[in-house]
2 protein chains.
Amino acid sequence: MCNSHKHECECHSGQMRRFIQPCMLLLLYEKPTHGYELMEKLRDFGFENGNPDPGAVYRNLRKMEEEGLVESKWETEGTGPAKRLYSVTPEGLDILHSWSVNIRNNIKRLEYFLERYEKNFND
Amino acid sequence: MCNSHKHECECHSGQMRRFIQPCMLLLLYEKPTHGYELMEKLRDFGFENGNPDPGAVYRNLRKMEEEGLVESKWETEGTGPAKRLYSVTPEGLDILHSWSVNIRNNIKRLEYFLERYEKNFND
DNA sequence: TATGTATATATGTTTTTAACATATAAGGAG
DNA sequence: CTCCTTATATGTTAAAAACATATATACATA
């Protein structure tokens, strides 16, 4: 991701704060599912250095459930250990929509940065 | 920024982590200056809710100086209290360049999210 | 039967960032 | 002298990310 060699990537990921949340909401809107599968699908969104931290996934699910953004029920059918099946609530959908506005604004912000950056280095 | 009314903006700013750093480096590259002026110029980059936190600005300057990304000297000339004039070092410039790559990647990531979001809601 | 691996959820701990608040001081205006 | 602007700095708290570990089911295979 980061191409600094002298400084061991001092810019870290520069990832958007809490970006995992809208990704999880969107995935759950597309198809209600459980944490483990969600974790794998999150790689689509660039949480790919290894897998996204299971701790982050499960804790976010619980937190969003507390906040009423998702709801869950135990799925004991099928093989393997029981799964907790999550789906998005109407409140969660509202939040997902507001995230999309927010993300759009953030893209503009980052593009402003790049334009200004390029004025200095690519002309 | 966030348009959720029921939830007091649960998506918060969703700002890019540590985004203030590349902005400061870019501004200092454009023109070496001191913290207070930097603070005002940062509004260009969307740190606009009031002013960007002075604490953030000054602490980041000190931290970047420790890391060798910027350097400073006291400016006692002129009116008002003394200013600490900062400028970017070659190392800081390297980091700025790696940030630009990182930011470009993050825009792609956010755009991927939006495309996928729109497939669900704008078709 | 013991061992390992994949699936699945959960929590503990530490570090890093962000947010909010406050302290200090120079110098000019009134 | 008091207030405002400019200027830098630090203290405290809260939130988020990063890293580590614990637990349990079920299946494969040696």
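Values as computed for the structure displayed
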read-out	value
With Cα atoms, 0 to 90° folded angle of helix A:90-121 axis to chain A main axis	20 degrees
Heavy-atom accessible area, 1.4 Å probe, ligands and nucleic acids excluded: residues of the range B:15-46 down by at least 20 Å² from chain alone	B:Gln15, B:Met16, B:Arg17, B:Arg18, B:Phe19, B:Leu26, B:Tyr29, B:Glu30, B:Asp44, B:Phe45
Unit charges on C-beta of K, R, D, E only; dipole of the protein assembly as shown, Debye	140 debye
Selection from B:Asn102, B:Thr89, B:Phe113, by position along the positive dipole direction of the range B:83-123 (Cβ)	B:Thr89
Per-residue HN-Hα couplings for the range B:41-46 [Karplus 6.51, -1.76, 1.60; θ = phi - 60°; Hz; x = Gly/Pro]	5, 4, 4, 3, 9, x
For the range A:38-110 and the range B:56-78, distance of Cα centres in Å	40 Å
Rounded D (µm²/s) - chain A, Kirkwood Rh over Cα pairs, Stokes-Einstein at 25 °C, 0.890 mPa s	148 µm²/s
Theoretical ellipticity at 222 nm over chain A - DSSP helices of four or more residues, -39500 (n - 2.57) apiece, nearest 500	-17000 deg cm²/dmol
Heavy-atom accessible surface of the range A:20-121: percent carbon and sulfur, 1.4 Å	50 percent
Accessible area buried, both sides summed, chains A and B with 1.4 Å probe, Å²	5600 Å²
Solvent accessible area, Å² - B:Leu61, 1.4 Å probe, full protein context	0 Å²
Highest-MSF residue in chain A out of A:Arg109, A:Arg43, A:Arg84 [GNM, Cα springs under 10 Å]	A:Arg109
The protein assembly as shown - Rg and Dmax from Cα coordinates, angstrom	20.9, 77
For the range A:20-121: accessible area per residue (Å², 1.4 Å)	50 Å²
Most mobile of B:Glu75, B:Glu111, B:Glu65 in a GNM of chain B (Cα contacts under 10 Å)	B:Glu111
Label zone at B:Tyr36, where the point sits 7 Å out along the Cα-to-Cβ direction: the range B:79-123 residues whose backbone N lies under 16 Å	B:79-86
Unit charges on C-beta of K, R, D, E only; dipole of chain B, Debye	200 debye
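The values are calculated or read from the model by the stated rules, or taken from the named source; none is laboratory data. Quick caveat, the model's predicted, so the values are computed rather than measured. A quick note on method: Cβ atoms are made from the backbone with ideal geometry, for glycine too, and the neighbour counts reach across all protein chains shown. What goes into the accessible areas is simple: the full protein's heavy atoms, side chains included, and nothing from ligands, DNA or RNA. Shrake-Rupley method; radii C 1.70, N 1.55, O 1.52, S 1.80 Å.
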